[in-house]
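The next block holds one structure in the form of structure tokens; read it before the comments.
The values are calculated or read from the model by the stated rules, or taken from the named source; none is laboratory data. In this text, all values refer to a predicted model and were calculated from it rather than measured experimentally. Backbone-built Cβ (ideal geometry, glycine too); neighbour counts: all protein chains shown. With ligands, DNA and RNA removed, areas are computed over all heavy atoms of the protein, side chains included. Shrake-Rupley method; radii C 1.70, N 1.55, O 1.52, S 1.80 Å.
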Amino acid sequence: MNNPAARRTSHGRATHGGIRVAGLAAVAAAVSLASCTAGQVPPPQPATTAPPASEAATFTFGTAAHPRTLDPALANDTESFRVSQQILQGLVGVDPLTSEPTPLLAESWDEGDDGRSYEFTLRKDVVFHDGEPFDADAVCANFDRWYTLPEAARAAASRLPFENVFKGYSDAPEVSLYKGCTATSAYTVDLQLTSRITGLIPALATPAFAMSSPAALEAGAADDLTESRDGSGISRYGQAPVGTGPFRFVSWGEGDVELASFDEYWGERGEVERVVFTTITNPDSRARALTAGRIDGYDFVSVDSAVDLARNGLQFLQRDPYSVLYLGMNQGFPGVDDPLFREAVAHAIDKGALVDGRFLNGTKPARQFIPEKLGVGNETVEDYGYDVSLAKDLLERSGYDGRELPFYYPRNVSRPYLPAPEKAYAELSRQLTEAGFNIKPVPVDWNDSYVEAVQQSGDRAFHLLGWSGSYQDPDNFVGALFGMYSEEFAYEDPQLFSKVNRARGLPSGEDRTEAYADISAQISDRIPAVPLAFPISALAMSPRVTTYPVSPVMNEVFNRIDLADVEPLPTPSD
């Protein structure tokens, strides 16, 4: 074991402690939302034995949707990651102040072979929750599992992070950037790539690359998605994961997930003994639950709830904007493939009017898909100003015949990029109708597989969706959304795909920044989708929460929460 002082220096409150909760009055106006897919509630899982926890040491969090799965390798939604990152950890962590990569299960790493290999030196004081050792063999077992995921498992969710980062799986080795993983000793790992991935280390800090116990993966038939009551697909492992994190899984029932502090956790256990995630889909209901003391905190504060929260003296935590809301267009729908039609859409939208009163103050209209904090300038990006007359002229020139245009939008959900979907849809529909588009509303409940519905081929002209960044790299946005063909946009652009693949491997510096600026300009010119806003997102907390680890990339692990009048739990070496 490392000595406690050293551990606190590298992983304790000095570098990973939460940002102090700000008073509501200071930031009440500046808030926003966060992330991508949802799913159904699995069958209730039998509870494992959990030690008694005092009510004071229990933290109850209100979530906006059910987690889709607790297996992060097969997830791409905020609520799945929110729970799984309490249970599982990756090789790389996130600095709470800068969001830069920092050591976690790997003590250090070295790049070699011009960016085509990485040697990771692992911690030696870590065990999985099932008692199995965390070592180099476990790391390679996880990487090889991700690389060889069967197609049926990959089909359970679109845009899985492994494919976004490594571009392919074992059934397409000519495409994949992953080459292999070798345990060179008990606690050193050599990761080999076919070519450089400049953003690899930040990407490995995302929840999707967390380490699962290989024994638990096998016992839980992790890639056999046959256990879901509703037929959407989830494995036994996806309902009861086993990691190395500060909390272990206890149960997952109808609307609630319960976790308990892991006695043998290698780092600081913090003050929270028991965590309960409870699903409350309506933002006003979440606000009422917080005000009444039924929960200790929740995410995705809405504009409508902000005044009442302020009146009741509750607290806001604001995140820096790191998600983008967009209007998607399906070029497989008749007429949408005409560039003049899509340009008409771009000129028909008044982004300022959309943002005003529907998003927290500080939310900005978006000209491109890459957030400002990544430093990719938008000087070369076309600014399609709001111009109804021009939109009508372009629409007429496109040959649009007035046919109905199905516009999909989600219901009963709050996302980082979309706090009030119905209100955003209503304003966009009004603007498009004014410009001559014949809009047919198609509301779909978020938990009725909304994301799957808009990311596959179908009778759809428009849809509302967004993307929440999970690590600091422009490829996390334009690469994930437009780096390859997808049914969501039915957008085929080999030149753009080639530019994205090239930029991904360029060393950090001016050439790479310019490459992504050029990519942004080309996306703007071709208009596969219209970026609408970079929303501010925020959480609300009860007064008993004195510290919460706010993170733009939502790396918010609850052992870093401080609660009033609760003492820290002992660590293994205390």
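A few remarks follow.
- Residue within the stretch 537-549 that is touching a residue at least 12 places away in the same chain (Cβ under 8 Å), more than 30 Å from residue 437 (Cα to Cα), open to solvent by 20 Å² or more (accessible area, probe 1.4 Å) and among the aliphatic types (A, V, I, L, M) present: no
- Yes/no for residue 150 being over 26 Å from residue 566 (Cβ atoms), open to solvent by 10 Å² or more (accessible area, probe 1.4 Å), free of Cβ contacts under 8 Å to residues at least 12 places away in the same chain and not basic (Lys, Arg): no
- Counting only strands (runs of 3 or more DSSP E) that fall entirely inside the stretch 68-138 and contain at least 1 residues that are polar (S, T, N, Q) and over 24 Å from the mean Cα position of the chain (by Cα), the qualifying elements are 106-112, 117-122.
- Taken as a whole, the stretch 176-191 holds at least one residue that is closer than 25 Å to residue 266 by Cα, part of a strand (DSSP E or B) and small (Gly, Ala, Ser).
- Some residue of the stretch 283-290 being of a type in the set (Lys, Arg), in contact with a Phe, Trp or Tyr (Cβ under 8 Å, 6 or more places away or on another chain) and surrounded by 22 or more Cβ atoms within 10 Å (Cβ to Cβ): yes
- Counted residues, the stretch 270-304 - those being more than 18 Å from residue 542 (Cα to Cα) and more than 25 Å from the chain's Cα centre (by Cα): 0
- Residues that are open to solvent by 30 Å² or more (accessible area, probe 1.4 Å), closer than 18 Å to residue 525 by Cα and at pLDDT below 95, drawn from the stretch 359-378: 378
- Tally, over the stretch 481-506, of residues that are closer than 20 Å to residue 457 by Cβ, open to solvent by 10 Å² or more (accessible area, probe 1.4 Å) and of a type in the set (A, V, I, L, M): 2
- Complete set of residues in the stretch 507-517 that are surrounded by fewer than 16 Cβ atoms within 10 Å (Cβ to Cβ) and either at positive phi or assigned to a helix (DSSP H, G or I) (or both): 509, 510, 511, 514
- The stretch 173-195, subset aliphatic (A, V, I, L, M) and over 26 Å from the mean Cα position of the chain (by Cα), residue least open to solvent (accessible area, probe 1.4 Å): 189
- Evaluation of residue 536 against (1) modelled with pLDDT under 95; (2) touching a helix residue (DSSP H, G or I) at 6+ places or on another chain (Cβ under 9 Å) (one fails), failing number: (2)
- For the stretch 249-277, a tally of residues being at negative phi, in contact with a Ser or Thr (Cβ under 8 Å, 6 or more places away or on another chain), touching a residue at least 40 places away in the same chain (Cβ under 8 Å) and open to solvent by 10 Å² or more (accessible area, probe 1.4 Å) returns 9.
- Qualifying residues in the stretch 402-440 (those that are in contact (Cβ under 8 Å) with a residue 60 or more places away in the chain and among the basic types (Lys, Arg)) - the one least open to solvent (accessible area, probe 1.4 Å): 415
- Matching residues in the stretch 63-119 - criterion: being of a type in the set (Val, Ile, Thr) and in contact (Cβ under 8 Å) with a residue 40 or more places away in the chain: 63, 69, 78, 83, 87, 92, 94, 102
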